[in-house]
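Report on one structure; see the data block that follows.
Each reported figure results from applying straightforward, stated rules to the coordinates on display, with no laboratory input. Quick caveat, the model's predicted, so the values are computed rather than measured. Every residue, glycine as well, gets a Cβ built from its backbone with ideal geometry; the counts of neighbours run over all protein chains shown.
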Amino acid sequence: MSNAETKEDAPRDMRRSLKRGLRCKCPNCGIGSVFKGYLKVRTECEACGLDLTPQRADDGPAYVVILLVGHFVGFALPVFFESFRDNPLLVACLLSVVSIVMALALLPPVKGMFVAFQWAKRMHGFGAPRTPADVSP
């Protein structure tokens, strides 16, 4: 790293940050939690102090989870239907429960990966150095 290049300009490792996001940990340090609830993103990491307010995950994680769960259910439907041919209500109930559980289990890690991706790519203010004017007293 040259003298002109500061730590803020150093490239961020995408793979490492996505793995940390998958574990719902801070993309910068990998120690602090990204969430302070089920899906509520913290304002800053409790371990390293990374400002997480620039993240803009919005509906992206929900779309990805719907895509993944929909594909799984779409491929599982014929298998379940053949296995339980005489009881279609059982097929509907089983796949409904599986869909709900999968969606609820996948949402936090996918949202963590969205936040980590934005941090690694310096999107939405994650790359801008904080100035004294940005910090309110």
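Quick notes on this one:
- Note on region 109-128: among residues that are in contact with a helix residue (DSSP H, G or I) (Cβ under 7 Å, 6 or more places away or on another chain) and farther than 13 Å from L50 by Cα, the one that is surrounded by the most Cβ atoms within 10 Å (Cβ to Cβ) is G112.
- Looking across region 46-75, the residues that are free of Cβ contacts under 8 Å to residues at least 12 places away in the same chain, assigned to a helix (DSSP H, G or I) and of a type in the set (G, A, S) come down to G70, G74.
- Test for V73: is it closer than 18 Å to P108 by Cα, surrounded by 11 or more Cβ atoms within 10 Å (Cβ to Cβ), touching a helix residue (DSSP H, G or I) at 6+ places or on another chain (Cβ under 6 Å) and hydrophobic (A, V, I, L, M, F, W, C): no
- Selection from region 11-36 of residues that are part of a loop (DSSP other than H, G, I, E, B) and at negative phi: P11, R12, D13, R23, C26, P27, N28, C29, I31, G32, V34, K36
- From the list L104, L95, L39, the lone residue that is touching a residue at least 60 places away in the same chain (Cβ under 8 Å) and either surrounded by fewer than 17 Cβ atoms within 10 Å (Cβ to Cβ) or farther than 20 Å from A10 by Cβ (or both) is L39.
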